[in-house]
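The values are calculated or read from the model by the stated rules, or taken from the named source; none is laboratory data. Since we're looking at a predicted model, the values are computed, not measured. We place every Cβ from the backbone using ideal geometry, glycine too, and count neighbours over all the protein chains shown.
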Amino acid sequence: MSKTTREIEIKDTASRSSELEGYQQTTDDLVGEKLVLNMGPSHPATHGVLRLVLEMDGEVITKADPDIGFLHRGDEKIAENMQYNQFVPYTDRLDYLAPLANNVAYACAVEKLMGWELPARGQAIRTICCEMSRISAHLLGLGAYAMDVGAMTVFLYTFTQRETVYNLCEQLTGARFTTSYTRVGGQIRDLPEGFTDSLLKFCDELLACLDEVETLLNRNKIFLDRTRDVGVISKEDAIAWGLSGPNLRGSGVDHDVRKANPYLDYERYDFEIPVGSVGDSYDRYLVRMEEMKQSTSILKQAVAGLPDGPINVADCKERLPEKERVLMSMEELIHHFILVTEGLDAPAGEVYFGAENPKGELGFYIHSKGGGVPYRLKIRAPSFVNLSILSKLLPGSMMSDSVSILGSLDFVMGECDR
C-alpha cells in the first residue's frame, strides 16, 4: 500500500470517527432533553392559584420555580388608607380557613401599639376563637391531603366535623365564613347562651372522629407509601428557610409561639407541642393530627376556667360607647362621631406581634406616626414563607410525589399573595 493511499485511509477513518462522535453527542442530547411542565395555576393539587414551573427529566423533577401573585389584592397598601378597625374584615381574607384567628392576631398587634391589655374573659374568648380556627383549618387540610393521595373517605369525615365548627362560628359571630368578630380592644359581643355546651359536645365528637381517621390512615399501605420519606425537610433547612407552624415542628424543631412568647394567657393552659422526627410528609400529617387533639384540650380548659367580667378594654376615650348611651347623650354621640370619622388616636411608634396560626406564625408589623391610620403595615404570611422552600424541596422527587408534598405543606394562597 502506497504512502498516499495510507494517508487517505487514515483521514477517512478520522473523519468517520468525528462524525460518529458528533452523532453520539446529538443522540445524548435528545435522550436527556428536559420537559418544562406548568403545574397550575388551575390545578386541583395546588389548592388555589399557585403555578409551579417544573423542569422534568422523564418523571423526575430537576428544577421547580413557584410562581405566585395570582391572588394579590394589595392588603398592606389598603391598610395604610384605612382606620385600624376598618381593616379587620380584610384579615378574614388572609387565611380564609381561619378568619377568627386572623382577627385576633391583627387586633393584638394594634392593642400592643395602644398599650392595652384585654380583661381575662376577653382573652379566654379569643383563645377559644384561635383554637376553633386551628381545628377547622387542620380538618380541611387533612381532608384535602388525604383525598389528594387517594383516601376519599377521610374527606367526608373531616368535613362533617368542619360543618359543626361553622355552626359554632355562626352561633358566636352571626357569620359562618368571614366572621369579622374581633375589634381592636375586644369583641363585638360576648359568648351566646348555650355556646359552651355546644363547644364541649363538639370536642368529644371530634376526638372520636380523629380516632376513626387514624384507623383509616395510620396503617394504610397506600397512604404510607405516598407520604413516608417523601418531601423530607431537615431541621437545618426548616430553620434556614424560615418555616413555622406544623411544617417547622414536623422537622423536629420544638418551637411554638404560644409557648415561646405566650399571649392570651396561653401559659395558663396545659398542652403539649407535637414534634416530628424525620421531617417527611407523614410527620407533618402526624403533627397536625396531634395538634387538633391538643386544641380540644385547650378548649375544654378554657371553658372550665372561663372567668366572669367584661370582654373589652375599659378605655372610654378610644372605644366606641355603648349604643344605648349614644342614643341618650349628646356627649356620647359626639364621642361616637369622632371615633367613627377619625379612628383611634394611636401613638407614634413601631410594633410587631406574631401569633401561632394554623399555618404558622402570622405576624403584623405596624409603623405608626400617630393618628387613626397606620403609616405602614406589613404582614408576615406563614404560607408565603413556607412555600419558598419548594424550589429546594421538589427537585429530585417524582412528579407524582409533588401532589403529596404540596398537600403536606398545607398552604392558603389568599394569605400567601395577600
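Any idea which of 240, 208 is under 23 Å from the mean Cα position of the chain (by Cα) and over 16 Å from residue 291 (Cβ atoms)?
One residue alone meets the criteria, 240.
What about residue 68, is it in contact with a Pro (Cβ under 6 Å, 6 or more places away or on another chain), surrounded by 14 or more Cβ atoms within 10 Å (Cβ to Cβ) and more than 27 Å from residue 174 (Cα to Cα)? It would help to see each step written out before you state the result.
On the way: in contact with a Pro (Cβ under 6 Å, 6 or more places away or on another chain): no; surrounded by 14 or more Cβ atoms within 10 Å (Cβ to Cβ): yes; more than 27 Å from residue 174 (Cα to Cα): yes.
No, not satisfied.
Using the structure shown, decide if residue 78 is at pLDDT 85 or above, farther than 30 Å from residue 143 by Cα and of a type outside the set (D, E, K, R).
Considered against the rule, which asks whether it is at pLDDT 85 or above, farther than 30 Å from residue 143 by Cα and of a type outside the set (D, E, K, R), residue 78 comes out as yes.
Do we have residue 313 as of a type outside the set (S, T, N, Q), closer than 24 Å to residue 357 by Cβ and in the same structural domain as residue 83 (by TED's automatic domain parsing) here? Lay out the reasoning, then the answer.
Values: of a type outside the set (S, T, N, Q): yes; closer than 24 Å to residue 357 by Cβ: yes; in the same structural domain as residue 83 (by TED's automatic domain parsing): yes.
Yes.
Name the one entry in 247, 261 that is under 23 Å from the mean Cα position of the chain (by Cα), at pLDDT 90 or above and of a type in the set (S, T, N, Q).
Numbers: 261 fails: at pLDDT 90 or above.
Every option except 247 fails the conditions.
Looking at the range 28-61 only, could you name the residues that are part of a strand (DSSP E or B) and either of a type outside the set (A, V, I, L, M) or at pLDDT below 75 (or both)? Can you show your working first?
Residues of the range 28-61 part of a strand (DSSP E or B): 35-39, 51-57, 60-61.
Selection gives 38, 51, 55, 57.
Here's a check for you: in the range 103-138, which residue that is of a type in the set (Lys, Arg) and more than 20 Å from residue 345 (Cα to Cα) is nearest to the chain's Cα centre (by Cα)?
Step one: list which residues in the range 103-138 are of a type in the set (Lys, Arg), which gives 112, 121, 126, 134.
When the remaining residues are screened for being more than 20 Å from residue 345 (Cα to Cα), the result is 121, 126, 134.
Values: 121: 27, 126: 18, 134: 10 Å.
Once the filter is applied, the top-ranked residue is 134.
Under the condition of being buried (at least 17 other Cβ atoms within 10 Å of the Cβ), aliphatic (A, V, I, L, M) and assigned to a helix (DSSP H, G or I), which residue from the range 285-323 is farthest from the chain's Cα centre (by Cα)?
303
When the range 323-342 is examined, which residues are found to be over 20 Å from residue 111 (Cβ atoms), of a type in the set (Asp, Glu) and out of contact with any Lys or Arg (no Cβ under 6 Å at 6 or more places or on another chain)?
Scanning the range 323-342 gives 324, 331.
Failed condition for residue 282, given (1) at positive phi; (2) surrounded by 19 or more Cβ atoms within 10 Å (Cβ to Cβ), with all others met?
The number of the failed condition is (1).
Quick check on my filter: what residues within the range 335-350 are within 30 Å of residue 259 (Cβ to Cβ) and buried (at least 20 other Cβ atoms within 10 Å of the Cβ)?
346
Within the range 374-393, identify whether any single residue is over 19 Å from the mean Cα position of the chain (by Cα), assigned by TED's automatic domain parsing to the domain that holds residue 230 and loosely packed, with under 13 Cβ neighbours inside 10 Å, and answer yes or no.
No: zero hits.
Please determine whether any residue of the range 98-113 is closer than 26 Å to residue 386 by Cβ and acidic (Asp, Glu).
Applying the first criterion (closer than 26 Å to residue 386 by Cβ) to the range 98-113 yields 98-110, 112.
Those left that are additionally acidic (Asp, Glu): none.
So far as the range 98-113 goes, no, none of its residues is closer than 26 Å to residue 386 by Cβ and acidic (Asp, Glu).
Tell me yes or no: at least one residue of the range 110-126 is free of Cβ contacts under 8 Å to residues at least 60 places away in the same chain and within 30 Å of residue 156 (Cα to Cα).
no
Among what's in the range 95-137 and is touching a Gly at 6+ places or on another chain (Cβ under 6 Å) and either buried (at least 21 other Cβ atoms within 10 Å of the Cβ) or charged (D, E, K, R) (or both), pick the residue that is nearest to residue 377 (Cα to Cα).
Ranking the candidates gives 122 first.
Could you tell me which numbered condition residue 90 fails, if it satisfies all but one of (1) assigned to a helix (DSSP H, G or I); (2) within 18 Å of the chain's Cα centre (by Cα); (3) in contact (Cβ under 8 Å) with a residue 60 or more places away in the chain?
Every listed condition holds for residue 90 apart from (3).
Which condition number does residue 332 fail, the rest of (1) farther than 20 Å from residue 263 by Cβ; (2) surrounded by fewer than 18 Cβ atoms within 10 Å (Cβ to Cβ); (3) touching a helix residue (DSSP H, G or I) at 6+ places or on another chain (Cβ under 7 Å); (4) not hydrophobic (A, V, I, L, M, F, W, C) being met?
Condition not satisfied by residue 332: (2).
Can you tell me which residue among 155, 87 is out of contact with any Gly (no Cβ under 7 Å at 6 or more places or on another chain) and either closer than 22 Å to residue 300 by Cα or not β-branched (Val, Ile, Thr) (or both)? Give the derivation first.
Working: 155 fails: out of contact with any Gly (no Cβ under 7 Å at 6 or more places or on another chain).
The unique qualifying residue is 87.
Output the residues belonging to the range 247-279 that are surrounded by fewer than 22 Cβ atoms within 10 Å (Cβ to Cβ), out of contact with any strand residue (DSSP E or B) (no Cβ under 7 Å at 6 or more places or on another chain) and either among the small types (Gly, Ala, Ser) or not in a loop (DSSP other than H, G, I, E, B) (or both).
Of everything in the range 247-279, those that are surrounded by fewer than 22 Cβ atoms within 10 Å (Cβ to Cβ), out of contact with any strand residue (DSSP E or B) (no Cβ under 7 Å at 6 or more places or on another chain) and either among the small types (Gly, Ala, Ser) or not in a loop (DSSP other than H, G, I, E, B) (or both) turn out to be 252, 259, 260, 266, 267, 268, 277.
Report the residue count in the range 329-372 for those that are polar (S, T, N, Q), without any contact (Cβ under 8 Å) to a residue 60 or more places away in the chain and within 14 Å of residue 113 (Cβ to Cβ).
Filtering the range 329-372 for residues polar (S, T, N, Q) gives 329, 341, 357, 368.
Those still in the list that are without any contact (Cβ under 8 Å) to a residue 60 or more places away in the chain too: 329, 341.
Narrowing the set further to residues that are within 14 Å of residue 113 (Cβ to Cβ) leaves none.
Counting residues in the range 329-372 that are polar (S, T, N, Q), without any contact (Cβ under 8 Å) to a residue 60 or more places away in the chain and within 14 Å of residue 113 (Cβ to Cβ) gives 0.
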